[in-house]
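Colleague: Sending over a structure as structure tokens; questions will come in a sec.
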Amino acid sequence: MTPGEQTQNTAQIDKGAPIAVIDIGSNSIRLVIYASSGRYPFPLFNERSNCRLGEGLGEDGMLQEERIAVSLDALARFASIMKSMGVVKTHAVATAAVRRAVNAADFTEPAGQILGQPITVLSQSDEAHHVSRGLTLNMPQATGYVADLGGGSLEIVDLESGKMQHSTSFNFGHLSEVGRDEIEAAMTSVPWLAEGRHSALYGVGGSFRALGLAYIEQTGYPLPVLHGLRIPGRSATSLLKAFCRS
């Protein structure tokens, strides 16, 4: 029995059983299993597999066979973990790499068979909504830009007192072969972003976590906690320049 089939057969019986979320990104695939009882979704299991599904997704828009195979192997392992932990409901979503790929079905169809349910491919606007929602659940009055830099895309949201004013998505990420001039041209082509009316930037995702870890290590910051970490603008610029030189 696959996790998806298990969902249909037992979800009505055991409402306290764990639920799972699978995030299929351009760089990694993450599985988080939550306890569904209680008011707070407490994580029971959290693992990321660095599959690099979007690697090589160039002008032809094709997912590479090798990266598809690696990603499907990871999903098969995750399916076994979910079954062993008694997961009865799974939310599996894919983002930029699958959204852009002309051969997306070469991945989504076998992936759906492994999980026993279809893969939901998020649109750019859906992804931006989830990015802002994830932040405002923890910081309900946040004002500024929210940036989620993934392997194949960059989502930026304009927040005012926790309310989304604008959002945009760019088809480049840290796996993309794109130059600085192209990035700057894309940014300035969005009027509300070119205005630069906010001074605060909320970083979401693995790239910003890496920046936060580097800041903690280089400055001797006393608390090794990334959530809510504030990095001064000059320090962030200095770190990024060091990354570019290395």
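Each reported figure results from applying straightforward, stated rules to the coordinates on display, with no laboratory input. These numbers come from a predicted model, not from an experiment. In this analysis, Cβ positions are derived from the backbone assuming ideal geometry, glycine residues included, and neighbour counts consider all displayed protein chains.
Colleague: Given contacts defined as C-alpha pairs under 8 Å and at least six residues apart, what's the relative contact order of the stretch 3-121, whole-number percent?
Modeller: 32 percent
Colleague: A further question on this structure: How high is the relative contact order of the chain, given as a whole-number percent (alpha carbon pairs under 8 Å, six or more residues apart)?
Modeller: It comes to 15 percent, rounded to a whole number.
Colleague: Here is a follow-up. If the reach is capped at under 19 angstrom between alpha carbons, list the aspartates and glutamates near Lys83, excluding any in the same chain fewer than eight residues apart.
Modeller: Correct list for Lys83: Glu5, Asp14, Asp23, Glu47, Asp73.
Colleague: A further question follows. Tell me the angle of helix 233-245 to the major Cα principal axis of the chain, expressed in degrees between 0 and 90 and rounded to the nearest ten.
Modeller: So the helix axis and the longest Cα principal axis differ by about 80 degrees.
Colleague: So for the stretch 124-245, Kirkwood radius off the Cα pairs, Stokes-Einstein at 37 °C and 0.692 mPa s: how many µm² s⁻¹?
Modeller: 216 µm²/s
Colleague: Now for a different question. Which of the peptides 65-73, 173-181 is most tightly packed, and how do the rest follow, judged by the mean count of other Cβ atoms within 10 Å per residue?
Modeller: 65-73, 173-181
Colleague: Expressed as a fraction of 2.2 N^0.38 Å, the rule-of-thumb size for a compact globular protein of N residues, what is the C-alpha radius of gyration of the stretch 3-121?
Modeller: In units of the globular-protein estimate, the stretch 3-121 measures up at 1.08.
Colleague: Hey, what did the stretch 49-174 get for relative contact order, percent, Cα under 8 Å, at least 6 apart?
Modeller: Relative contact order comes out at 19 percent.
Colleague: If you compute volume of the Cα convex hull per residue in Å³ for the structure shown, which of [x] 134; [y] 145; [z] 124 do you land on?
Modeller: Only one listed value fits the structure, namely [y].
Colleague: Something else: If you take the alpha carbon radius of gyration of the stretch 194-246 and divide it by 2.2 N^0.38 Å, what ratio comes out, to two decimals?
Modeller: Normalised Rg, Cα atoms only: 1.18.
Colleague: Also: Quick one: among Gly228, Gly150, Gly38, which has the greatest mean-square fluctuation in a GNM of the chain with alpha-carbon springs under 10 angstrom?
Modeller: Result: Gly38 has the largest fluctuation of those listed.
Colleague: Another question about this same structure. Nearest 5 is fine: what % of DSSP beta bridges in the stretch 3-121 come out antiparallel, could you say?
Modeller: 60 percent
Colleague: Another question, then. Rounded to the nearest 10 degrees, what's the angle between the helix 65-84 long axis and the longest principal axis of the chain, both from Cα atoms, 0 to 90?
Modeller: Between helix and principal axis, roughly 60 degrees.
Colleague: May I ask for the angle, rounded to the nearest 10°, between helix 124-136 and the longest principal axis of the chain, with both axes built from Cα atoms and the value confined to 0 to 90°?
Modeller: Roughly 80 degrees between the two axes.
Colleague: In whole Å, how far is the Cα centre of the stretch 79-113 from that of the stretch 206-221?
Modeller: The stretch 79-113 and the stretch 206-221 have Cα centres spaced 31 Å from each other.
Colleague: Just the number, please: percent antiparallel of the DSSP beta bridges in the stretch 124-245, rounded to the nearest 5.
Modeller: Approximately 75 percent, going by the DSSP bridge assignments.
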